[in-house]
Amino acid sequence: MGSLRTPRESWVEEGLRALASGGVDAVRVEALAKALGVTKGGFYGYFADRDALLEEMLDTWEREATDDVFDRIEREGGDVMDKAYLAGRLTFSDRLHPIDLAVRDWARRDQAVAERLRRVDNVRMGLLREAFGTVCADPDEIEARSVLAFCAAIGSHFLAADHPGSTRAQVLARAGDLILNRPPGNPAQ
């Protein structure tokens with residue numbers, strides 16, 4: 001989104017910021033109003049209630065996580081593997097990643113959010129399957145590589161372990177080489 005937002009978009013954006021930093025319980029109308037420097041009453045000019053805001057926040061996240069990512073990778077071009085790499089970088093960007101993690105946490109306690117997360121992850125897995133399908137013919141192997149790639153991307157953010165002699169980025173790059181069956185030190189994207 002550009003810097004010129006409608007007041008409605010500002011509420012959604014502030015809601016996503018609160019969600020990313022404190023989880024769904026941090027999305028409180030009063031706190032958002034204070035952060036936006038407006039009155040709480042103004043909220044109800046744009047949303048029927050907090051649930052309506054939460055729904056629109058999820059719509060925004062889903063659109064950014066799928067449609068916007070796909071629009072961008074189509075514009076950038078490249079082969080399907082390039083597209084998968086770019087999709088990963090966009091998905092785990094400073095903007096989307098904290099929201100993504102908060103949505104995952106929220107989905108553990110809310111069935112409707114879990115369904116939405118499943119839909120988004122299925123779209124993401126579809127892109128990975130397509131990418132791995134260009135370097136591999138076996139459907140079981142394509143699925144396994146897709147899962148490994150996705151789990152490495154998500155799981156690396158939960159892993160607290162040290163990596164003696166390497167940085168996390170180096171270890172993940174090598175993991176990517178292994179998942180892709182590439183020799184180490186291949187100019188990774």
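The values are calculated or read from the model by the stated rules, or taken from the named source; none is laboratory data. Since the structure is predicted, the reported quantities are computational estimates derived from the model, not experimental observations. Cβ: placed from backbone, ideal geometry, glycine included. Neighbour counts: every protein chain shown.
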Run R109 past the list (1) more than 19 Å from F150 (Cβ to Cβ); (2) assigned to a loop (DSSP other than H, G, I, E, B); (3) at pLDDT below 95; (4) of a type outside the set (V, I, T) and report the number of the one that doesn't hold. (3)
Scan the stretch 149-168 for residues that are small (G, A, S) and surrounded by 11 or more Cβ atoms within 10 Å (Cβ to Cβ) and report the count. 5
Are any residues in the stretch 115-148 surrounded by 15 or more Cβ atoms within 10 Å (Cβ to Cβ) and not in a helix (DSSP H, G or I), and if so, which ones? G133, C136
How many of the residues in the stretch 38-96 are over 19 Å from the mean Cα position of the chain (by Cα), among the polar types (S, T, N, Q) and either at pLDDT 95 or above or surrounded by 14 or more Cβ atoms within 10 Å (Cβ to Cβ) (or both)? 0
Across the stretch 23-66, what is the number of residues that are within 30 Å of R89 (Cα to Cα) and in contact (Cβ under 8 Å) with a residue 12 or more places away in the chain? 17
